[in-house]
């Protein structure tokens, strides 16, 4: 069960905790999957037994990135991510931030990319309040969906 409905999340988490699994959570848009995403997700997965990925819905990606995004639908993004060995479970969320999902999951470790500062992440505060750990993983420089889109647009103009 890779893609988990929000309503089924509690039962999944209870089972994982019953099995004494350490839960890592990360989140993002993952609009156009690239090597930076893959390396980041592999590193996050190594932090614990299970990686739960919170995926921004189409609505929240558009609110965050603008009216031309996402490039790929949430269903397509979820299916591609589900095909990665590093990702154990995916939950789609509509909010701009993953605060509500993080509060529900209560991961042992909350992982984000090194392009963020922990003090700027509202999710980090929640994780620290219940005693979880926040880990910032190294950024893969020069790799981002936005930069890929820019390169494609530049080449179309040539």
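Tabulated data
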read-out: Residue among 24, 61, 87, 101 that alone is in a strand (DSSP E or B) and crowded, with 16+ Cβ neighbours inside 10 Å; value: 24
read-out: Filter result for residue 138 (under 16 Å from the mean Cα position of the chain (by Cα), surrounded by fewer than 18 Cβ atoms within 10 Å (Cβ to Cβ) and over 20 Å from residue 56 (Cβ atoms)); value: yes
read-out: The stretch 27-55: number of residues that are in a strand (DSSP E or B) and more than 9 Å from the chain's Cα centre (by Cα); value: 2
read-out: Hey, residue 77 surrounded by fewer than 20 Cβ atoms within 10 Å (Cβ to Cβ), outside any loop (DSSP other than H, G, I, E, B) and in contact with a strand residue (DSSP E or B) (Cβ under 8 Å, 6 or more places away or on another chain) or not; value: no
read-out: Selection count, the stretch 121-135, where residues are more than 15 Å from the chain's Cα centre (by Cα), assigned to a loop (DSSP other than H, G, I, E, B) and surrounded by 13 or more Cβ atoms within 10 Å (Cβ to Cβ); value: 1
read-out: Residue that is farthest from residue 99 (Cα to Cα), among those in the stretch 111-132 that are at pLDDT below 90 and in contact with a strand residue (DSSP E or B) (Cβ under 7 Å, 6 or more places away or on another chain); value: 114
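The values are calculated or read from the model by the stated rules, or taken from the named source; none is laboratory data. Model, not experiment: these values are computed from the prediction. Every residue, glycine among them, receives a Cβ derived from its backbone with ideal geometry; neighbour counts consider all protein chains shown.
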